[in-house]
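In what follows, a single structure is set out as structure tokens and then discussed.
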Amino acid sequence: DAHIADTMKGGDYMSDIKLVRNMVYGSPFYLNMLLDNGLKVRESLTGPGGHYGYRTYTTINGQGSDIVEVQKKMCKEAGVQTLVNTKMVKIYREGELKGKVVGIGVETKSGYKTIMAKKAVVLATGGFAANVEMRSKQVPSLTSDLPTTNHVGATGEGITIAQEVGANTMQMSYIQLYPFADPNNGVLDATAVIPFSGPSAGIVYVNEYGKRYVNEGERRDVCAKGAQESGGFPTFSIFGEEIYRKGGFITEAQMKAGIEADRIFVADTLEQLAAEINKRTYKGEKVDMKGADLVATIAKHNDYVKNLKDPDSGKRIDKGVMMSIEKGPYYAIPQWPSVHHTMGGITITDKTEVQDIYGKVIPGFFAAGEVTGGVHGTNRLGSNAVADCVANGYIAGQMAAKGTLPDFIKGKN
């Protein structure tokens, strides 16, 4: 119930609560299935911004590929054929804008081919954060000046191809920035996950002047806007050795790789850490952080942690969870917002059936994941994307194959 409430609040109550319930009830079911098939996760639970419970698991390497590798193994064992270098360019219905979806058309190295759907088509083609024209049409400020965390294929053709056969869309202008990407290229690498996982443990976000600019426990859109209005470029996550060692969300391999790649800066004192920050350039620009200012900011935050109260931003501080930053070595990660997640997309029912522009179900057509709208509202809480994709993906798969709903959601809506 708390997860549902956090998700609804985090999306400004613009989510379809039935879709949210499906995501929440399906998430532990699918997690258990992944664990049973070999997925490794870290022992700690985190509470990223916007979550008011500790419910987020981190995979052993902190990367989505950990999940995909397990899914690939499961598909192979189940005899599922996976086609690569195969680009969907068309969806077929029995008649023009009517009747059942019966297959797709694809471009391959050997030419155009059609693939018949004996039961149904499930669309799971993701969002459009990497399509500058498509995203800036919805939000004009999201120009090519802003990079994206997404892979190059996140260009949204699945949505437009579905529209060609009558599919409706919703909330297309709800587009999220990831506040903690690499400021030089916008990439969400393993290092960029640390600022996302660390607010509840005591990570502090500062601007280029060494001052806090936002409640670190806030949702992503608030943190991104806070960075953009912080008075400079970029911002930084600051933490100490205790948070690294005891927080449970940073592995030694992750730390070593981040330092070697010069994505994580390290120093024995906060003054020296400011000097390390000032040594680097960020998109060709330098900053001039005063060591004394950073020291004062961290000292003030340490007092807030001890007193369990943050009068500056009202941040929630949980006793025994959030740690102060008092002993070195000290660490800094540069960060900046990058276009990340498109909350809008194809309109679906709570059975993941695709709806047309009149609200009617298109037979034989299902959709799940970032290609759909209605799950996250105006703003997606971090870690809800995987939950959305796997839970609603499982529902779509079972609906397409059997026409039934999984046991984990029966009676929940």
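Here are the numbers for this structure:
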quantity	calculated
Residue 340 vs. criteria within 25 Å of residue 57 (Cβ to Cβ), touching a Leu at 6+ places or on another chain (Cβ under 8 Å) and either open to solvent by 40 Å² or more (accessible area, probe 1.4 Å) or not aliphatic (A, V, I, L, M) (or both)	yes
Residue satisfying all of: in the range 390-411; over 12 Å from residue 22 (Cβ atoms) and hydrophobic (A, V, I, L, M, F, W, C); surrounded by the fewest Cβ atoms within 10 Å (Cβ to Cβ) among these	401
Some residue of the range 124-138 being basic (Lys, Arg), touching a Gly at 6+ places or on another chain (Cβ under 7 Å) and open to solvent by less than 80 Å² (accessible area, probe 1.4 Å)	no
Residue among 149, 191, 169 that is surrounded by fewer than 20 Cβ atoms within 10 Å (Cβ to Cβ), in contact with a strand residue (DSSP E or B) (Cβ under 9 Å, 6 or more places away or on another chain) and touching a residue at least 40 places away in the same chain (Cβ under 8 Å)	169
Members of the range 348-378 found to be assigned to a loop (DSSP other than H, G, I, E, B), polar (S, T, N, Q) and surrounded by fewer than 22 Cβ atoms within 10 Å (Cβ to Cβ), listed by number	349, 378
Members of the range 61-86 that are surrounded by 13 or more Cβ atoms within 10 Å (Cβ to Cβ) and either within 17 Å of the chain's Cα centre (by Cα) or in a strand (DSSP E or B) (or both)	61, 62, 63, 64, 66, 67
Single match in 154, 124 (criterion: under 30 Å from residue 351 (Cβ atoms) and either of a type in the set (Lys, Arg) or touching a Cys at 6+ places or on another chain (Cβ under 8 Å) (or both))	124
Total residues in the range 357-410, condition hydroxyl-bearing (Ser, Thr, Tyr) and within 18 Å of residue 25 (Cβ to Cβ)	4
Test: residue in the range 226-242 that is in contact (Cβ under 8 Å) with a residue 24 or more places away in the chain, assigned to a helix (DSSP H, G or I), among the acidic types (Asp, Glu) and within 18 Å of residue 338 (Cβ to Cβ)	no
Total residues in the range 245-264, condition at pLDDT 95 or above, part of a helix (DSSP H, G or I) and either open to solvent by less than 20 Å² (accessible area, probe 1.4 Å) or polar (S, T, N, Q) (or both)	2
Filter result for residue 96 (modelled with pLDDT of 95 or more and either acidic (Asp, Glu) or on the phi > 0 side of the Ramachandran plot (or both))	no
Test: residue in the range 226-244 that is under 20 Å from residue 62 (Cα atoms), at pLDDT below 95, within 22 Å of the chain's Cα centre (by Cα) and surrounded by 23 or more Cβ atoms within 10 Å (Cβ to Cβ)	no
Only listed residue being free of Cβ contacts under 8 Å to residues at least 60 places away in the same chain and buried (at least 21 other Cβ atoms within 10 Å of the Cβ), chosen from 294, 308, 273	273
Qualifying positions in the range 107-136 - more than 24 Å from residue 368 (Cβ to Cβ) and either within 20 Å of the chain's Cα centre (by Cα) or in a helix (DSSP H, G or I) (or both)	132, 133, 136
Whichever residue in the range 152-166 is touching a residue at least 60 places away in the same chain (Cβ under 8 Å) and not in a loop (DSSP other than H, G, I, E, B) and, among such residues, is surrounded by the fewest Cβ atoms within 10 Å (Cβ to Cβ)	164
Residues (open to solvent by 10 Å² or more (accessible area, probe 1.4 Å) and either of a type outside the set (Gly, Ala, Ser) or not in a helix (DSSP H, G or I) (or both)) located in the range 194-206	196
Among (1) open to solvent by less than 80 Å² (accessible area, probe 1.4 Å); (2) under 17 Å from the mean Cα position of the chain (by Cα); (3) under 13 Å from residue 34 (Cα atoms), the one test that residue 51 misses	(3)
Residues satisfying the stated conditions in the range 35-44, i.e. surrounded by 13 or more Cβ atoms within 10 Å (Cβ to Cβ) and either touching a residue at least 60 places away in the same chain (Cβ under 8 Å) or within 15 Å of the chain's Cα centre (by Cα) (or both)	42, 44
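Residue-wise test of (1) closer than 22 Å to residue 344 by Cβ; (2) without any contact (Cβ under 8 Å) to a residue 40 or more places away in the chain; (3) assigned to a helix (DSSP H, G or I).
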| position | (1), (2), (3) |
| --- | --- |
| 4 | yes, yes, yes |
| 7 | yes, no, yes |
| 13 | yes, no, no |
| 20 | yes, no, yes |
| 29 | no, no, yes |
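The values are calculated or read from the model by the stated rules, or taken from the named source; none is laboratory data. All values derive from a computational prediction rather than experimental measurement. No Cβ is skipped: glycine too gets one built from the backbone with ideal geometry, and neighbour counts run over all protein chains shown. What goes into the accessible areas is simple: the full protein's heavy atoms, side chains included, and nothing from ligands, DNA or RNA. Shrake-Rupley method; radii C 1.70, N 1.55, O 1.52, S 1.80 Å.
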